[in-house]
Amino acid sequence: MNTVEIINKKKYGKELSYEEIEHIVNGYVNDTIPDYQISSWLMAVYFQGLNSDETSALTDLMVKSGETIDLSFLNTTVVDKHSTGGVGDKVSLVVAPIISSLGIPFAKMSGRGLGHTGGTVDKLESISGFHTELPLDRFKEQVKELGIALVGQSGNLVPADKKIYALRDVTGTVDSIPLIASSIMSKKIASGADAIVLDIKVGNGAFMKTKEEAKKLAETMVAIGKKLNRETVAVLTNMDQPLGKEIGNGNEVLEAVKLLRDQEYSQDLYDVSVEIAAQMVYLAGKASTEEQARKLVEEVIQNGDAYEKFVTFIEAQDGDISSIHEIEAKNSIDVTTDGPGYISSIETQQIGEAAMLLGAGRKTKDDQIDHQVGITLHVKLGDALQAGDKLATIHTNMDDNDEVIQKIKGAISFTTTRVETKGSVIDVIQ
């Protein structure tokens, strides 16, 4: 096949065949097609898009470009989840033990955070001794014996996506819905998932800023799942404010533990976690209705089964559960409001960037994370405050925190009248 002809075909908006997309993907993985030609093809895709068949073909071929994890030995439906990333998103830490305590295997490979969004692996590494790198045979054995394992991405899964994503990052083609959708779904399918629940964040702290954008991405990924024989559901959730109270790593783990112990939790984190878990329970066939699935999820939180499974999981991967008891940064500094009013908006990304300045996130992939630092946000949209009330507490190991304090104060706006707020769960796309 002629690579230039394939580029031109897409440039003029024509549909590519499976074989033509296969030529592009395999040629790039095998180094027979150079970067500049793939860059040209990606730009053509960016402007002309891919239809459902093309997007599914690209996903399938990226899965086939490397190793896949076979979890069929579990003899049950394996359900996985994916979040498009947000500030304070510790839902996987809550959902994993819930699902597992209900007899549904949770075998997840997660990534690290970059920029203002945190990674599940980074959060888990704040637990003393916890190992996020396990050999594949131990990973499988742990899932078989305990019903739960959560590790960092490893091995030769979807090498085509790794190469293509790196090129998208430097060619201005990251924000293409078919390319985003195929990237996410290829990793989920290669990791052994039979069914997938997608948490699509919407709002000023998310990649998708509007419900319309998020819905389009959700519908694209659900269509890929159906074409590749994976039950797939997408839940649109609100990221116009941080999820929960804690933003960081160690402090986010502590917040997840408090919810699992049914001790203390932010309602938005509870609502999103329960909805995602319930959709997973329903897809796994453990409940006949979504409402019944929600009741099962809430029950294992209330009776302690989910927390006990969390303890078992942490200890199985050599973590010290006793290390999750308090925020350990050197100093805690309160950030207070200057005057009275109702909170009308929170620039969520700016809050995430403030946490990154403390050391809780990465500006580049090589930056080191400080697991002890972070932000406790004391307010939510619509809250009424008086002068001197606490907006946030920063947990810091730095001596000069003025920039962080100003960034937090600048991120929160006030009005004289109470504003209407959206729910945490916006929509479900099936």
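The values are calculated or read from the model by the stated rules, or taken from the named source; none is laboratory data. This structure is a prediction, so every number in the text was calculated from the model and none was measured. Positions of Cβ are generated from backbone atoms using ideal geometry, with glycine treated the same way; all protein chains shown enter the neighbour counts.
Residue 122 is checked against (1) farther than 28 Å from residue 209 by Cα; (2) acidic (Asp, Glu); (3) within 15 Å of the chain's Cα centre (by Cα) and fails just one. What number does that condition carry?
Tallying (1) farther than 28 Å from residue 209 by Cα; (2) acidic (Asp, Glu); (3) within 15 Å of the chain's Cα centre (by Cα), residue 122 fails exactly one: (1).
From the list 222, 281, 274, pick out the single residue that is closer than 25 Å to residue 194 by Cα, in contact with a Ser or Thr (Cβ under 6 Å, 6 or more places away or on another chain) and touching a residue at least 24 places away in the same chain (Cβ under 8 Å).
222
Mind telling me which of the residues 95, 4, 29, 79 ends up being at pLDDT 95 or above and surrounded by 23 or more Cβ atoms within 10 Å (Cβ to Cβ)?
The conditions single out 95.
Is it the case that residue 324 is crowded, with 18+ Cβ neighbours inside 10 Å, among the hydrophobic types (A, V, I, L, M, F, W, C), at pLDDT 95 or above and under 30 Å from residue 277 (Cβ atoms)?
no
Look at segment 376-409 and say how many of its residues are out of contact with any strand residue (DSSP E or B) (no Cβ under 7 Å at 6 or more places or on another chain), surrounded by 15 or more Cβ atoms within 10 Å (Cβ to Cβ) and in a helix (DSSP H, G or I).
Matching residues across segment 376-409 total 1.
Name the single residue that is surrounded by the fewest Cβ atoms within 10 Å (Cβ to Cβ) among those in segment 186-211 being more than 29 Å from residue 355 (Cβ to Cβ) and out of contact with any Asp or Glu (no Cβ under 6 Å at 6 or more places or on another chain).
My answer is 194.
Say whether the condition of being assigned to a helix (DSSP H, G or I) and buried (at least 21 other Cβ atoms within 10 Å of the Cβ) is met by at least one residue in segment 149-158.
Looking for residues that are assigned to a helix (DSSP H, G or I) and buried (at least 21 other Cβ atoms within 10 Å of the Cβ), one finds none in segment 149-158, hence no.
Which of the residues belonging to segment 15-30 are among the aromatic types (Phe, Trp, Tyr) and closer than 14 Å to residue 161 by Cβ?
Answer for segment 15-30, where residues must be among the aromatic types (Phe, Trp, Tyr) and closer than 14 Å to residue 161 by Cβ: just 28.
Does segment 177-214 hold any residues that are of a type in the set (Gly, Ala, Ser), over 29 Å from residue 71 (Cα atoms) and modelled with pLDDT of 95 or more, and which are they?
The answer is 203, 214.
So residue 79 clears everything in (1) closer than 24 Å to residue 303 by Cα; (2) touching a Lys or Arg at 6+ places or on another chain (Cβ under 9 Å) except one condition, right? Which one?
(2)
Residue by residue through segment 302-320, note down the ones that are more than 16 Å from residue 103 (Cα to Cα) and loosely packed, with under 14 Cβ neighbours inside 10 Å.
Matches in segment 302-320: 302, 318, 320.
If the requirement is being at pLDDT below 95 and more than 19 Å from residue 85 (Cβ to Cβ), which of these qualifies: 338, 334?
338 is the lone residue from the list that is at pLDDT below 95 and more than 19 Å from residue 85 (Cβ to Cβ).
Which residues, counting only those in segment 63-86, are basic (Lys, Arg) and outside the structural domain of residue 151 (by TED's automatic domain parsing)?
64
Out of (1) without any contact (Cβ under 8 Å) to a residue 12 or more places away in the chain; (2) part of a helix (DSSP H, G or I); (3) over 17 Å from the mean Cα position of the chain (by Cα); (4) within 24 Å of residue 378 (Cα to Cα), the odd one out for residue 212 is which?
(4) is the only condition that residue 212 fails.
Looking at segment 227-256, which of the residues that are polar (S, T, N, Q) and more than 16 Å from residue 90 (Cα to Cα) is nearest to the chain's Cα centre (by Cα)?
232
Looking at 60, 89 in this structure, which one is of a type in the set (D, E, K, R), outside any strand (DSSP E or B) and not assigned by TED's automatic domain parsing to the domain that holds residue 312?
It is 60.
Read through the list (1) over 23 Å from residue 87 (Cα atoms); (2) assigned to a helix (DSSP H, G or I), then give the number of the only condition that residue 192 fails.
(2)
Taking the condition of being at pLDDT below 95, in contact with a helix residue (DSSP H, G or I) (Cβ under 7 Å, 6 or more places away or on another chain) and not hydrophobic (A, V, I, L, M, F, W, C), how many residues in segment 57-76 meet it?
Residues meeting the conditions: 2.
Any residue at all in segment 348-362 that is in a strand (DSSP E or B) and not assigned by TED's automatic domain parsing to the domain that holds residue 207?
yes
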